[in-house]
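Working notes, beginning with the structure itself.
The values are calculated or read from the model by the stated rules, or taken from the named source; none is laboratory data. None of these values were measured; they are calculated from a predicted model. Every residue, glycine as well, gets a Cβ built from its backbone with ideal geometry; the counts of neighbours run over all protein chains shown. These area figures cover heavy atoms from the full protein model, side chains too; ligands, DNA and RNA do not enter into them. Shrake-Rupley method; radii C 1.70, N 1.55, O 1.52, S 1.80 Å.
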Amino acid sequence: QVTCVEVVEAYVERIKEVNPLINAVVKDRFEEALQEAQQVDKLLSEGPGDDYLEEKFPLLGVPITVKEAFSLHGMPNTSGLVNRRNVIASSDATVVSRLKQAGAIPLGVTNCSELCMWYESSNRVYGRTNNPYDLQRIVGGSSGGEGGVLAAACSVIGVGSDIGGSIRMPAFFNGIFGHKPTTGVVPNDGQFPNAQGVRTSFLCTGPMCRYAEDLEPVLRVMAGPGVNKLKLDEKVSLEKIKFHCMDHDGGSVFVSPVDKEILQAQKKVVKHLEGKLGVQVRRVAIHKMKYSFQIWSAMMSSKESNGQEAQLFTDLLGDHGKPVWPLWELMKWLVGMSSHTLPAIVLGLMEKLMKFNLGGNAKLVSMGKSLQEEMEALLGTDGVLLYPSHPTLAPKHHSPICMPFNFAYTAIFNVLGLPVTQCPLGLSSEGLPLGIQLVAASYNDHLTLAVARYLEKAFGGWVVPGKV
């Protein structure tokens, strides 16, 4: 009914309208996008047949945005690091290339946290991104620009990456869907920083979008041949899923208690599943989840099987130059002289402290391995766990520094390698998004995606910001 040019123009206008408020798109490619839209319209008018086009270009003419940490030809690729502010990508990351080949049209790149290692998207290159539901609140990180841009209806699909919750936290804080696939299915190449050593099995690239039904077709394109490892063609009977529910991590001293409204939303989901599907949702208490943050930290800094050390965050901050001295950077930051953000400096300091706890780390790594076995056994081929996406609703700007470990609610599933879908559940009394994580055993992404589609119908999914 509409041309591709009209679609792209509508999204370009929308970005121009709201981006001054949210600062999510940090560099656009509107002219190129409109040229690409014209080519799509030309292709459609020449008409090689809809079936042929749908098979060859499943995302033909769909406007997308890309996290700035991924290479998108001709766009900056700084990851918020001042040292890299002149770096322009000369090629496309694998997933970006696959999306383009499927016909998608990138509109630009979006903001992230410095080096993608913090859950507020703010840096010294592009500044801070604001939540479309409340500009005084964070969009999350590190794929925060994507969360904000999608929630504000400026894009259809977002490319995100996630090593501690960087797809799911922004999806939660911005009331959209985000999927962290099973580890090792979607390629991570072409992003900076990329994972090395043991972290290659924790980092996941995945789709973010406003509508649950968009997750699967985008995941298929992103995964390419890797999609064969997943069971996306299997029909899912929701009544046959074994649902498990856990309200909180068991009370970790490092993490905030779960907000009452998040718990209420989760209770409503349980009630709905039991009432409408006739299933029994089994309450579980997995003791080791209490140590989620400690397990994630230990596994992130553990050595490769060949003895290779994990890459140091302070080396990445220096970006091929000299490693950064976090204590010196903290002194500079206090007098406004550092080119790094406070969270990055604090992370550098914590990394130094972690090095002194080698015995404790080995114990935690082994606890992580046994938790993984426990989870896989619990979920099996037909189980889905309901678990909070984060203990609090979208926090105010800067406040994550006071509760730096709250990301443990998402991070634990990275080191366990499990597929997780973040699903929105309407808005809180303050008009902030609520949500839930849906977790399955490895390679059972089809289960969490099916439950997300069901919950979207039941609870309304994405809500337009400013509607309340």
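Taking Lys and Arg as +1 and Asp and Glu as -1, the other residues whose beta-carbon sits under 15 Å from that of residue 382 total +1. In the full protein context, segment 214-307 carries 54 Å² of accessible surface per residue, based on a 1.4 Å probe and ignoring ligands, DNA and RNA.
Looking at the chain alone, DSSP beta bridges between its own residues are antiparallel in about 70 percent of cases. Amide H contacts under 5 Å for residue 67: 110, 159, restricted to partners 5 or more places along the chain or on a different chain, H placed in the peptide plane at 1.01 Å from N. Share of the chain's accessible area from carbon and sulfur, percent, 1.4 Å? For the chain, the apolar C and S fraction of the accessible surface comes to 54 percent.
Listed by chain and number, the aspartates and glutamates whose C-alpha is less than 16 Å from the C-alpha of residue 268, apart from same-chain residues fewer than 8 away, are 247, 259, 456. Rounded to the nearest 20 debye, the dipole magnitude of segment 1-120 is 580 debye, with +1 charges on Lys and Arg beta carbons, -1 on Asp and Glu beta carbons, and the Cα centre as origin.
Counting only protein heavy atoms and using a 1.4 Å probe, the accessible area of residue 94 comes to about 40 Å². Work out the charge dipole of the chain with +1 on the Cβ of Lys and Arg and -1 on the Cβ of Asp and Glu about the Cα centre, then indicate which of 334, 158, 174 is farthest towards its positive end. It is 334. Taken over segment 356-433, the alpha-carbon convex hull comes to 117 cubic angstrom per residue. Surface calculation, 1.4 Å probe, protein heavy atoms: residue 374 sits at approximately 70 Å² accessible. DSSP beta bridges confined to segment 59-170 are antiparallel in about 40 percent of cases. The residues of segment 5-112 present an accessible area of 46 Å² per residue when probed at 1.4 Å with all protein chains retained. The solvent-accessible area of residue 239, taken with every protein chain present and a 1.4 Å probe, is close to 110 Å². When the pairs 242/271; 288/396; 16/67; 267/288; 235/457 are compared against a 20 Å limit on Cα-Cα distance, 288/396; 267/288 fall above it. Based on Cα atoms of the chain, Rg over Rh with Rh as the Kirkwood radius reads 0.95.
What is the sum of charges, Lys and Arg at +1 and Asp and Glu at -1, for the other residues whose Cβ falls under 11 Å from the Cβ of residue 415? Overall, the nearby charge balance is +2. Here segment 19-79 and segment 359-436 have alpha carbon centers that stand 32 Å from each other. With all projection directions averaged, the alpha carbon convex hull of segment 193-258 covers 8.2 nm².
Pairs of Cα atoms in segment 85-221 fall into 10 Å distance bins, from 0 up to the last occupied one, in shares of 13, 46, 36, 5 percent.
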